[in-house]
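The values are calculated or read from the model by the stated rules, or taken from the named source; none is laboratory data. On a predicted model such as this, the values are computed, not experimentally measured, just so you know. Counting neighbours? That spans all protein chains shown, and the Cβs are built from the backbone with ideal geometry, glycine included. Only protein heavy atoms, including side chains, enter the accessible area calculation; ligands, DNA and RNA are left aside. Shrake-Rupley method; radii C 1.70, N 1.55, O 1.52, S 1.80 Å.
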Amino acid sequence: DYVVVKMIPDNRLPPRHLHAVRTAKTFAVIKWESPYDSPDQDMLYAVAVKDLVRKTDKIYKVKSRNSTVEYTIKKLEPGGKYHVIVQLGNMSKESSMKINTVPLSAPDALKIITENDHILLFWKSLALKESNFNESRGYEIHMFDSLMNITAYLGNTTENFFKVSNLKIGHNYSFSVQARCLYGGQMCGEPATLLYDELGTGKDSSATKSGRATDVAAIVVPVLFLLLVTLGIGFVVLYMRHRRLQSSFTAFANSHYSSRLGSAIFSSGDDLGDEDDEAPMITGFSDDVPMVIA
């Protein structure tokens, strides 16, 4: 025996499993399930979006018969904080969640140029890669002194550079540049950070590293060039000396060559003299003449 029981839908139940599928800079995709399975009619949902920074509210209406509902909340601001509430249109129990949108990117190519009594921070315009950024919003600059363990707000600018003065010798600083924060410093861009290793040299760490590499290259390249030139000159000198010695020896050998004997004749300095000029040269011995050794 069996019996079929059909539950009466309770429209006072809240939507189930409310969560964010995707969060971007200006929109968020949320998803939830109906209060009960397999609705047999269209269900009207109220999606309330509370801006926790601006303190404003917006309500959207969503109608669907599906068990799973997906909805995209648009016109959000980068780096914003929102409280999302979803409930049926009859103001039943609600499901809620918080969403933080993706902040603006950090400025690219942050560089430091050292002057006599100050430094200049340079960076690329954020508007080049962020369509949601207006240059009129500007940038704000912070500085962290690692020796004093203090973070200071230096100011803001709408330009792509900033002058920093009154730096102390022997201190290490970290500078950060980001899109200016809005509404009480709650909607900020991602910071671009660069270490300035002062240490009495007045140069940032990146500039020091590149400068050292440049100095090493400026020293090594000329030394290698001079070494190659010296080796080349040495090879040329050795080659010329070798050719000169070879020519001298050839001339000397030709001057002492005897065509009758078919060989060159050399004599030591002890054999040279007037008596040797008169004495006949011994060229060989006959086989039938005995050799007497005294």
Counting only heavy atoms of the protein chains, get the accessible area per residue of the stretch 1-76 (1.4 Å probe) and round it to a whole Å² value. 71 Å²
Charge sum, other residues only, whose C-beta stays under 15 Å from residue 31's C-beta, Lys/Arg counted +1 and Asp/Glu -1: 0
Accessible area per residue, 1.4 Å probe, Å², for the stretch 108-196: what's the number? 55 Å²
Net charge of neighbours whose Cβ lies under 10 Å from the Cβ of residue 85, counting Lys and Arg as +1 and Asp and Glu as -1: -1
Heavy-atom accessible area of residue 42 with all protein chains present, probe 1.4 Å, nearest 10 Å²? 90 Å²
Grab every C-alpha pair in the stretch 47-88, bin the distances at 10 angstrom width from 0 up to the longest one, and report whole percents. 24, 52, 21, 3
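Taking the Cβ of residue 19 as the center, what net charge do the other residues with Cβ under 13 Å away carry, scoring Lys and Arg +1 and Asp and Glu -1?
Values: positive: 16, 22, 31, 98; negative: 33, 70.
Net charge around residue 19: +2.
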Which of the trypsin sites (Lys or Arg not before Pro) found in the stretch 43-141 are loop residues per DSSP with 16 or fewer other Cβ atoms within 10 Å of their Cβ? 54, 55, 65, 74, 75, 93, 124, 129
Give me the Å³ per residue figure for the convex hull around the C-alpha atoms of the stretch 16-100. 79 Å³
Arrange the residues 76, 226, 44 by how much accessible surface each exposes, largest first, with a 1.4 angstrom probe. 226, 44, 76
With every protein chain in place, what's the accessible area of residue 94 (1.4 Å probe, Å², nearest 10)? 100 Å²
Which of the residue pairs 111/163; 81/163; 124/163; 81/124; 25/75; 75/98 have a Cα-Cα distance greater than 21 Å in the structure shown? 81/163; 81/124
